[in-house]
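For reference, the structure discussed in these notes is given below.
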Amino acid sequence: MTDASAGGGVNPTLRGGLPILTVLLAIVAIWYGAAVWMNAPWVRDQAARADTVLTTADLIRQTLTLERPVLPAPHQVAAGLWEGIAGQKITSKRSLVWHGWVTLSATLAGFAIGTVAGIALAVGIVHNRAMDQSVMPWAVASQTVPILAIAPMVIVVFASMGLTGLLPKAIIAAWLSFFPVLVGMVKGLRTPDAMQLDLMHSWNASRAQVFWRLRLPSSLPYLFASLKVAIAAALVGTIVGELPAGATTGLGARLLSGSYYGQTVQIWSALFAAAILAAVLVMLIGALERLTLRRMGLA
Amino acid sequence: MSAIEARDVSLTFPTADGPVHALKDVSLTINQGDFVSFIGPSGCGKTTFLRTIAALETPTAGTLAVAGMTPDQARRKRAYGYVFQAPGLYPWRTIAGNISLPLEIMGFSRADRTQRTQRVLDLVDLTGFGGKYPWQLSGGMQQRASIARALAFDADILLMDEPFGALDEIVRDRLNEALLDLWKKTGKTIGFVTHSIPEAVYLSTKIVVMSPRPGRITRVIDSPLPRDRPLEIRDTPEFIALAQQVREGLREGHSYD
């Protein structure tokens with residue numbers, strides 16, 4: 001009886017989690033191996049200078065506890081992350097919550113600008129022949145320009161106008177996030193088939209009525225798919241915007257200052273904080289998507 | 001007064017392989033209150049002709065009058081309701097919401113919309129299903145809802161393009177009966193495209209047989225059957241003789257190519 005229930009009645013969350021957990025464990029194991037291997041030369045070098053002989057156990061212990069390792073071990077990054085999130089007052093300059101918030105606010109602002117711009121351009125493309133033929137090549141071109149080259153210019157131009165802080169970063173985030181929204185919405189607004197459009201035509205519906213009652217609701221599945229890509233892109237854009245011109249706050253600035261001073265644990269902690277932030281944002285949009293589409297009968 | 005009057009209507013599509021004559025010199029008079037079926041093999045232009053009446057296609061030659069106006073004027077005046085083969089209901093709207101969609105677009109008041117929606121739901125025998133979503137209804141019920149939607153704004157003409165083509169025989173029989181009932185109650189002029197001979201004979205007061213390449217009318221048969229038609233009428237000699245005529249008409253069309 002217990003055997004049967006153990007085999008057939010596994011908690012679905014657990015069943016979904018098991019493969020993920022396995023992969024995670026494998027990654028951690030490989031990471032530890034890599035940490036030992038990459039930090040070993042330095043540890044050996046130090047031992048040679050001090051004329052001490054290292055046992056293998058000593059070697060491994062030391063490679064995993066270095067102050068400035070080439071590759072910090074997972075538990076060091078976890079400790080750094082914990083220290084940054086829970087070990088500080090959140091108003092402290094060392095707090096990852098504080099830096100995360102600075103990055104998040106610019107990300108959300110950029111995401112909002114990018115989404116509005118993407119939707120507006122898509123509406124224009126679907127309703128206007130001239131825009132249909134002219135906008136897309138430019139939009140594609142805008143994405144082929146390396147953002148790392150554009151970001152410093154945007155920061156400098158805005159700074160010359162006296163604008164620093166959130167807005168320039170948000171513009172860079174919007175630059176990256178409008179594109180997936182544009183592509184998704186053009187596709188989404190064009191999903192209604194000929195029959196649906198003929199029906200609207202037979203009722204003598206105006207273009208605005210066709211848009212609000214048919215095109216826009218039909219496009220929502222595409223919009224949500226794009227939004228998930230767009231918010232992740234907005235976060236990348238914000239972090240890139242924090243790298244140049246000596247920004248002092250934000251996860252990007254944490255990455256940069258960590259690399260200046262060889263604080264690899266700090267770099268990795270900031271990196272993970274950014275990854276976790278991105279995952280949470282994408283999950284939030286995913287939840288909103290499920291809720292909306294289920295209510296609309298589209299899921 | 002004739003509801004629809006076609007004089008030498010032609011419609012030619014230019015294609016890479018030269019022009020395609022979808023319709024060639026089609027002349028037809030449909031009287032008010034007629035139930036007219038268009039039957040023929042695919043490519044005979046029956047759907048195209050229905051679409052020209054609805055101003056969804058524009059003839060390249062000839063004249064076409066719908067309710068005494070050009071088809072496009074008639075469309076703007078909402079002179080007809082159109083039913084497609086697929087119900088085309090919005091999944092995010094209830095059945096009542098779907099039926100009131102054209103009413104919203106046409107600017108009916110909220111009270112008027114509710115009252116009209118209720119009335120046409122009763123008419124297609126979907127009373128009590130207004131609050132359901134399309135996926136909660138069977139295919140036949142969805143198609144009835146789409147007919148209700150076409151009836152909601154009281155157009156005098158109902159154009160139906162193979163509305164029951166995707167449904168099984170049993171459901172189709174029931175819906176045919178219901179459609180006749182509805183036609184008697186409302187006195188509408190109905191244009192009905194089908195490729196089923198029994199369906200055409202059972203429903204129509206006038207059967208228009210068409211043939212392809214070029215799409216044209218080969219025969220117009222006025223039905224001698226009474227307007228009151230129980231399903232059993234299909235076993236009478238009159239019905240069988242009429243079906244025979246339609247079949248001959250179809251064969252005639254085919255002998256051209």
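Derivation of every value follows stated rules applied to the coordinates shown; laboratory data play no part. This is a predicted model, so every value here is computed, not measured. With ideal geometry, Cβ positions are generated from the backbone for all residues, glycine too; neighbour counts draw on all protein chains shown.
Any idea what % of Cα-Cα pairs in region A:113-201 are farther than 23 Å?
Details: 1439 of 3916 pairs.
Above the 23 Å cut-off, region A:113-201 has 37 percent of its Cα pairs.
Which of A:Ser160, A:Ser219, A:Ser257 moves the most in a Gaussian network model of chain A with Cα springs under 10 Å?
Taking springs between Cα atoms under 10 Å, the residue moving most is A:Ser160.
Rank the residues A:Met296, A:Met161 as a footprinting-exposure proxy: fewest other Cβ atoms within 10 Å of their Cβ go first.
A:Met161, A:Met296
What does the convex hull of the Cα atoms come to per residue for chain B, in Å³? Show your work: numbers first, answer last.
On the way: hull volume 34.3 nm³, N = 257.
Measuring per residue, one finds 134 Å³ for the Cα hull of chain B.
Cα axis of helix B:237-254 to longest principal axis of chain B: angle in degrees, 0 to 90, nearest 10?
Roughly 60 degrees, rounded to the nearest 10.
Looking at the protein assembly as shown only, what percent of DSSP beta bridges run antiparallel? Nearest 5 please.
Working: 22 of 40 bridges.
So the antiparallel bridges in the protein assembly as shown amount to around 55 percent.
Per residue of the protein assembly as shown, what 222 nm ellipticity follows from adding -39500 (n - 2.57) for every DSSP H run with n ≥ 4, rounded to the nearest 500?
Details: 21 runs with 330 residues, N = 556.
Calculated at 222 nm, the ellipticity per residue is -19500 deg cm²/dmol.
Tell me, B:Ser211, A:Ser269 in order of fewest to most beta-carbon neighbours within 10 Å? All intermediate terms of the calculation are to be shown ahead of the outcome.
Working: B:Ser211 24, A:Ser269 27.
Result, fewest neighbours first: B:Ser211, A:Ser269.
Under the Karplus relation 6.51 cos²θ - 1.76 cosθ + 1.60, θ = phi - 60°, what is the ordered set of whole-Hz ³J(HN,Hα) values for region B:153-170, x standing for Gly and Pro?
Whole-Hz 3J(HN,Hα) from phi for region B:153-170: 9, 6, 6, 6, 10, 10, 10, 10, 9, 6, x, 10, x, 9, 9, 6, 3, 5.
Take every DSSP beta bridge with both residues inside chain B and express the antiparallel ones as a percent of the total, to the nearest 5.
Values: 22 of 40 bridges.
Percentage antiparallel, nearest 5: 55.
If the elastic network links every pair of Cα atoms under 10 Å, which of B:Leu11, B:Leu101, B:Leu231 fluctuates the most in the Gaussian network model of chain B?
Highest fluctuation of the listed residues: B:Leu231.
For the Cα atoms of chain A, what angle does the longest principal axis make with the long axis of helix A:166-189, in degrees from 0 to 90, nearest 10?
50
Can you find, among B:Gln118, B:Leu89, A:Ser134, the residue farthest towards the positive end of the dipole of the protein assembly as shown? Put +1 on the C-beta of Lys and Arg, -1 on that of Asp and Glu.
Checked the options; the winner is A:Ser134.
Among A:Met153, A:Met136, which comes first, second and so on when ranked by fewest other beta-carbon atoms within 10 Å? Walk me through the numbers on the way to the answer.
Values: A:Met153 11, A:Met136 15.
Exposure proxy ranking, most exposed first: A:Met153, A:Met136.
Please report the net charge: other residues with Cβ closer than 15 Å to the Cβ of A:Val70, K and R +1, D and E -1.
Values: positive: A:Arg44, A:Arg68; negative: A:Asp45, A:Glu67.
Spelling it out: positives minus negatives among the neighbours equals 0.
Pick out which of A:Trp101, A:Trp212, A:Trp31 has the largest mean-square fluctuation in a Gaussian network model of chain A, springs linking Cα atoms closer than 10 Å.
Greatest mean-square fluctuation among the candidates belongs to A:Trp212.
Below 8 Å, C-alpha to C-alpha, sequence gap of six or more: please give me the relative contact order for chain A in percent. Numbers along the way, then the final one.
Numbers: 360 pairs, mean separation 62.8, N = 299.
Relative CO of chain A lands at 21 percent.
With axes computed from alpha carbons, what is the tilt in degrees of helix B:139-151 against the longest principal axis of chain B, rounded to the nearest 10 within 0 to 90?
For helix B:139-151, the angle is close to 90 degrees.
If I take every Cα pair under 8 Å that is 6 or more residues apart in chain B, average their sequence separation and divide by the length, what percent do I get for the relative contact order?
After rounding, I find 26 percent.
With only alpha-carbon atoms in the gyration tensor, what are the semi-axes of the equivalent ellipsoid for the protein assembly as shown, in Å, largest first?
Numbers: eigenvalues 955, 153, 95 Å².
In descending order the semi-axes read 69, 28, 22 Å.
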